[in-house]
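Working notes, structure below.
The values are calculated or read from the model by the stated rules, or taken from the named source; none is laboratory data. Here the structure is a predicted model, which is why all the values come from computation and not from measurement. No Cβ is skipped: glycine too gets one built from the backbone with ideal geometry, and neighbour counts run over all protein chains shown. Surface areas here come from the heavy atoms of the whole protein model, side chains and all, with no ligands, DNA or RNA. Shrake-Rupley method; radii C 1.70, N 1.55, O 1.52, S 1.80 Å.
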Amino acid sequence: LRLVKQDKAAHLAVKELAPYGEVYVVGGAPRDIILGKEPKDIDLMARVDGEIIRKVLGDIKGGQVFLTGKQFPVYRFKYKGDEVEIALPRTEEKAGEGNKDWKVVFGPEISVEEDLRRRDFTANAIAVNAVTGEVIDPFGGIEDIQRGQIRTV
């Protein structure tokens, strides 16, 4: 949580979005912290309606919000020189041949555990509630990191 407070964009995004739903730090930041490294960036996952994210963050004076992503929305929020990416939880299901055809479902109704299930390695399938500090690690990623073991989800 200290990491979130140090990043102006992440801190403000969490503060403003938390009244509307759960906000988690996901991706490489939890893994890097467990490894004792300084994360290079913070990625958030918000169980908040996308239109609320766009409106709430877009109304912040001095802030900018951009929508990116082809198959699913990712909001990039810039504030006072810092930037954070905010994704909605999502699931991915193979819908055809090869590695290009995927059915992606996203939205605040998808659980954190469902979102983490689609990630590549257990070390990257850890979420930390950005308000309470609760750690969600359904696939044993913390133990794998501590053992130096790489396992797929």
Quiz item: Simple spin-label model, 7 Å along Cα-to-Cβ: Lys78 to Phe66 in nm?
Solution: 0.6 nm
Quiz item: How much net charge surrounds Phe139 when only the other residues with a Cβ under 10 Å from the Cβ of Phe139 are counted, with Lys and Arg +1 and Asp and Glu -1?
Solution: -1
Self-check item: Formal net charge of residues neighbouring Glu85 (Cβ-Cβ distance under 9 Å; K, R +1; D, E -1)
Solution: -2
Self-check item: 15 Å Cα-Cα reach of Lys100 towards aspartates and glutamates, excluding residues that sit fewer than 8 places from it in its own chain
Solution: Glu92
Exercise. Quantify, in whole percent, the carbon and sulfur part of the accessible surface of the range 1-52 (1.4 Å probe; protein heavy atoms only).
Key: 48 percent
Exercise. State which entries of Lys55/Lys103; Lys8/Lys40; Lys5/Lys80; Lys5/Lys55 exceed 18 angstrom in Cα-Cα distance in the structure shown.
Key: Lys55/Lys103; Lys5/Lys55
Quiz item: What's the Kirkwood radius of the chain in Å, using all Cα pairs?
Solution: 15.9 Å
Practice problem: Counting only heavy atoms of the protein chains, get the accessible area per residue of the range 1-149 (1.4 Å probe) and round it to a whole Å² value. | Solution: 56 Å²
